[in-house]
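The values are calculated or read from the model by the stated rules, or taken from the named source; none is laboratory data. These numbers were taken from a predicted model, which means no experiment stands behind them. Here Cβ is always computed from backbone atoms with ideal geometry, including for glycine, and neighbour counts include all displayed protein chains. Note: accessible area is taken over every heavy atom of the protein model, side chains too, but ligands, DNA and RNA are not part of it. Shrake-Rupley method; radii C 1.70, N 1.55, O 1.52, S 1.80 Å.
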Amino acid sequence: MKIKEIIDALEIFAPLPLQDSFDNAGLQIGLTDVEATGALLCLDVTEDVVEEAINQGVNLIISHHPLMFKGYKSITGKDYTERCIIKAIKNEIAVYSMHTNLDNAPNGVNYKIAEKIGLKNVRVLEPKEYMQQDKPEDDGDNAGLPVTEWLTAGAGAVGEFEEPMTETEFLKHVKKTFEAGCVKHTKLTGRLISKVAICGGAGAFLMEKAVKEHADAFLTGEIKYHDYFYYEDRILATEIGHYESEQYTKEILRDILHKKFPALRIELTRINTNPIKYL
């Protein structure tokens, strides 16, 4: 199949209009009217990841974080982004990113986090307006014809455990699940953790919403220092690291592609692209 067909399938799952205004999701580099030799899935596009795609013989990299956020007036190789651009173009590798559109999509990034820690009854924490989506019908007499579907999309997710945990049990569970080098949190107050709100990445902007939803804990990748003061008695704020919170995004991409294109060669990067290290 052509790279364009793969992109179309991804955008049915997480349409580009779902991305936030600051974002730059979508096609970053390359041509789409060429046959795909395979897809390499990653969180971040780095020079090592591009080299991995070359060595694997695949001509499509699909990332969560966009390689490019800003406009460029020159491409000279002065930083890792520009070197990635040069290497990808030179080796005819397309780069496509699904960022906040995948965060906001139904069954997207936050639903995967909820699945990993075992939450039930998962729903959007901060819903956006329903959006209309056209996609081809897969089966029946109308196969191939566009159909209309209404979706509930939005930021974050919230759900419940079947059995409550103590705060310490919850923190240890999260640390183990995400293999976090460090788990930061507000002070322990003795509350039981049953209802948990989630936002992968830099999700502290949703903490007030989590409090209003009466969540016992809020789990995200990044929290600002002063937020710990403000929320210390209101919710168990839990910070596990940006990379750690979104590392399983690759599994979402894999499942989308495997279902639609079972013959497509799909590789998950073997490279840990987390730029933050722990002593």
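State all residues of segment 38-70 that are part of a loop (DSSP other than H, G, I, E, B), over 23 Å from GLU244 (Cα atoms) and touching a Leu at 6+ places or on another chain (Cβ under 8 Å); if no residue qualifies, say none.
Result: GLY38, VAL58.
Name every residue in segment 107-134 that is at pLDDT below 90 and either in a loop (DSSP other than H, G, I, E, B) or within 18 Å of ARG254 (Cα to Cα) (or both), in order of residue number.
LYS128, GLU129, TYR130 - these are the residues of segment 107-134 that are at pLDDT below 90 and either in a loop (DSSP other than H, G, I, E, B) or within 18 Å of ARG254 (Cα to Cα) (or both).
Looking at (1) touching a residue at least 60 places away in the same chain (Cβ under 8 Å); (2) open to solvent by less than 80 Å² (accessible area, probe 1.4 Å), can you tell me which one ALA202 breaks?
If we test ALA202 against (1) touching a residue at least 60 places away in the same chain (Cβ under 8 Å); (2) open to solvent by less than 80 Å² (accessible area, probe 1.4 Å), just (1) comes out false.
Go through segment 141-165 residue by residue and tally those that are at pLDDT 95 or above and either open to solvent by 60 Å² or more (accessible area, probe 1.4 Å) or in a helix (DSSP H, G or I) (or both).
Within segment 141-165, residues that are at pLDDT 95 or above and either open to solvent by 60 Å² or more (accessible area, probe 1.4 Å) or in a helix (DSSP H, G or I) (or both) number 3.
Please state which one of ALA88, ALA9, ALA94, ALA36 is buried (at least 22 other Cβ atoms within 10 Å of the Cβ), in contact (Cβ under 8 Å) with a residue 60 or more places away in the chain and small (Gly, Ala, Ser).
Going through ALA88, ALA9, ALA94, ALA36 in turn, the sole match is ALA94.
Give just the number: which of (1) surrounded by 17 or more Cβ atoms within 10 Å (Cβ to Cβ); (2) touching a Leu at 6+ places or on another chain (Cβ under 6 Å) does GLY26 not satisfy?
Result: GLY26 passes all but (1).
Out of all the residues in segment 175-204, which are farther than 10 Å from THR220 by Cα and assigned to a loop (DSSP other than H, G, I, E, B)?
Once the filter is applied, which keeps residues that are farther than 10 Å from THR220 by Cα and assigned to a loop (DSSP other than H, G, I, E, B), segment 175-204 yields PHE178, GLU179, ALA180, GLY181, CYS182, VAL183, THR186, LYS187, LEU188, THR189, GLY190, ARG191.
Report, by residue number, each residue of segment 262-273 that is closer than 20 Å to ILE113 by Cβ, surrounded by fewer than 21 Cβ atoms within 10 Å (Cβ to Cβ) and touching a residue at least 40 places away in the same chain (Cβ under 8 Å).
The answer is LEU268, THR273.
Restricting to segment 217-261, count the residues that are in a loop (DSSP other than H, G, I, E, B) and in contact (Cβ under 8 Å) with a residue 40 or more places away in the chain.
8
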